[in-house]
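Colleague: First the structure, which I've put down as structure tokens, then a few questions once you've had a look.
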């Protein structure tokens with residue numbers, strides 16, 4: 001559906017297979033260079049500020065040459081005053097899922113794009129509601145291994161879909177990249193264009 005404009009290449013500064021799949025699904029070709037940054041939150045830092053700061057750090061951590069665009073993102077799950085990142089282990093994953101059970105939470109994704117014009121960023125915000133989870137369901141889901149590298153300890157596009165009763169806002173944001181907003185930014189900066197298919 002989309003392609004990079006001639007003379008431009010794209011680097012995704014993320015090892016996330018979910019983000020890679022979302023970009024590939026709309027026809028974009030890109031290289032992957034996982035950014036290595038300190039993802040610890042700053043004292044009293046809010047989720048929106050943290051997600052945008054971390055996305056910016058990741059985008060700047062990847063070397064860029066003229067004609068290249070670097071895209072980075074960071075996703076956080078917010079439950080009340082608490083920010084839930086990726087669980088450190090199975091015990092922490094189970095605890096996060098117990099906290100999310102039967103409740104509504106926010107998913108915040110900051111994204112940052114660096115190109116020849118400079119740097120631009122944006123934010124995706126979605127509301128997710130979990131149904132009430134039985135302890136055996138939590139144990140089975142944790143045992144699947146899926147929650148261990150996901151913010152908030154679940155993957156809405158995987159087995160975790162069984163835990164979610166409702167999503168408000170961008171579904172792809174919950175997956176890890178607010179695709180419509182990212183594509184709009186890349187279109188507005190002349191990085192991509194609609195692909196004209198020939199019959």
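Colleague: Being at pLDDT below 95 and in contact with a strand residue (DSSP E or B) (Cβ under 6 Å, 6 or more places away or on another chain) is the requirement here; does residue 84 meet it?
Modeller: Values: at pLDDT below 95: yes; in contact with a strand residue (DSSP E or B) (Cβ under 6 Å, 6 or more places away or on another chain): yes.
It is true that residue 84 is at pLDDT below 95 and in contact with a strand residue (DSSP E or B) (Cβ under 6 Å, 6 or more places away or on another chain).
Colleague: Of all residues being buried (at least 19 other Cβ atoms within 10 Å of the Cβ), in contact (Cβ under 8 Å) with a residue 40 or more places away in the chain and in contact with a strand residue (DSSP E or B) (Cβ under 9 Å, 6 or more places away or on another chain) in segment 21-43, which is nearest to residue 116 (Cα to Cα)? Just the residue, please.
Modeller: 28
Colleague: With 92, 106 as the choices, which residue is buried (at least 18 other Cβ atoms within 10 Å of the Cβ) and modelled with pLDDT of 95 or more? Steps first, please.
Modeller: Working: 92 fails: buried (at least 18 other Cβ atoms within 10 Å of the Cβ).
Only one candidate passes the filter, namely 106.
Colleague: Right, next: When you look at residue 177, is it closer than 20 Å to residue 28 by Cα and touching a helix residue (DSSP H, G or I) at 6+ places or on another chain (Cβ under 7 Å), yes or no?
Modeller: Details: closer than 20 Å to residue 28 by Cα: yes; touching a helix residue (DSSP H, G or I) at 6+ places or on another chain (Cβ under 7 Å): yes.
Yes, satisfied.
Colleague: Still on this structure, I have one more. Looking at 164, 156, can you tell me which residue is touching a helix residue (DSSP H, G or I) at 6+ places or on another chain (Cβ under 7 Å) and at negative phi?
Modeller: On the way: 164 fails: touching a helix residue (DSSP H, G or I) at 6+ places or on another chain (Cβ under 7 Å).
Step by step, each of 164, 156 is checked, and only 156 is touching a helix residue (DSSP H, G or I) at 6+ places or on another chain (Cβ under 7 Å) and at negative phi.
Colleague: Evaluate segment 117-139: report whether one residue or more is without any contact (Cβ under 8 Å) to a residue 40 or more places away in the chain, surrounded by 16 or more Cβ atoms within 10 Å (Cβ to Cβ) and under 24 Å from residue 99 (Cα atoms).
Modeller: Within segment 117-139, the first condition is being without any contact (Cβ under 8 Å) to a residue 40 or more places away in the chain, and the residues that meet it are 118, 129-137.
Now drop any that are not surrounded by 16 or more Cβ atoms within 10 Å (Cβ to Cβ), which leaves 130, 133.
So of that shortlist, the ones also under 24 Å from residue 99 (Cα atoms) come out as 130, 133.
Within segment 117-139 (the criterion being without any contact (Cβ under 8 Å) to a residue 40 or more places away in the chain, surrounded by 16 or more Cβ atoms within 10 Å (Cβ to Cβ) and under 24 Å from residue 99 (Cα atoms)), the answer is yes, since at least one residue qualifies.
Colleague: Can you report the number of residues in segment 8-20 which are surrounded by fewer than 16 Cβ atoms within 10 Å (Cβ to Cβ), modelled with pLDDT of 95 or more and either farther than 24 Å from residue 57 by Cβ or out of contact with any strand residue (DSSP E or B) (no Cβ under 6 Å at 6 or more places or on another chain) (or both)?
Modeller: Residues of segment 8-20 surrounded by fewer than 16 Cβ atoms within 10 Å (Cβ to Cβ): 9, 15, 17.
Remaining after also requiring modelled with pLDDT of 95 or more: 9.
If we keep only those that are either farther than 24 Å from residue 57 by Cβ or out of contact with any strand residue (DSSP E or B) (no Cβ under 6 Å at 6 or more places or on another chain) (or both) too, we end up with none.
Of the residues in segment 8-20, 0 are surrounded by fewer than 16 Cβ atoms within 10 Å (Cβ to Cβ), modelled with pLDDT of 95 or more and either farther than 24 Å from residue 57 by Cβ or out of contact with any strand residue (DSSP E or B) (no Cβ under 6 Å at 6 or more places or on another chain) (or both).
Colleague: Another one. Considering only segment 90-116, how many residues are free of Cβ contacts under 8 Å to residues at least 60 places away in the same chain and either under 30 Å from residue 8 (Cα atoms) or touching a helix residue (DSSP H, G or I) at 6+ places or on another chain (Cβ under 6 Å) (or both)?
Modeller: Summing the residues that are free of Cβ contacts under 8 Å to residues at least 60 places away in the same chain and either under 30 Å from residue 8 (Cα atoms) or touching a helix residue (DSSP H, G or I) at 6+ places or on another chain (Cβ under 6 Å) (or both) in segment 90-116 gives 5.
Colleague: Moving on to the next point. Looking for whichever is assigned to a helix (DSSP H, G or I) and either under 25 Å from residue 126 (Cα atoms) or modelled with pLDDT of 95 or more (or both) here; the options are 73, 55. Which one fits?
Modeller: On the way: 73 fails: assigned to a helix (DSSP H, G or I).
None of the others qualify; the one that does is 55.
Colleague: Where in segment 82-199 are the helices (runs of 4 or more DSSP H), entirely inside, with at least 3 residues that are within 30 Å of residue 63 (Cα to Cα)? Give the steps one after another, and end with the answer.
Modeller: Details: elements: 90-100, 135-143, 171-175, 179-188.
Answer list for segment 82-199: 171-175, 179-188.
The values are calculated or read from the model by the stated rules, or taken from the named source; none is laboratory data. Just so it is clear, the model here is predicted, and its values are computed rather than measured. Cβ coordinates were reconstructed from backbone atoms using ideal geometry, including for glycine residues, and neighbour counts include every protein chain displayed.
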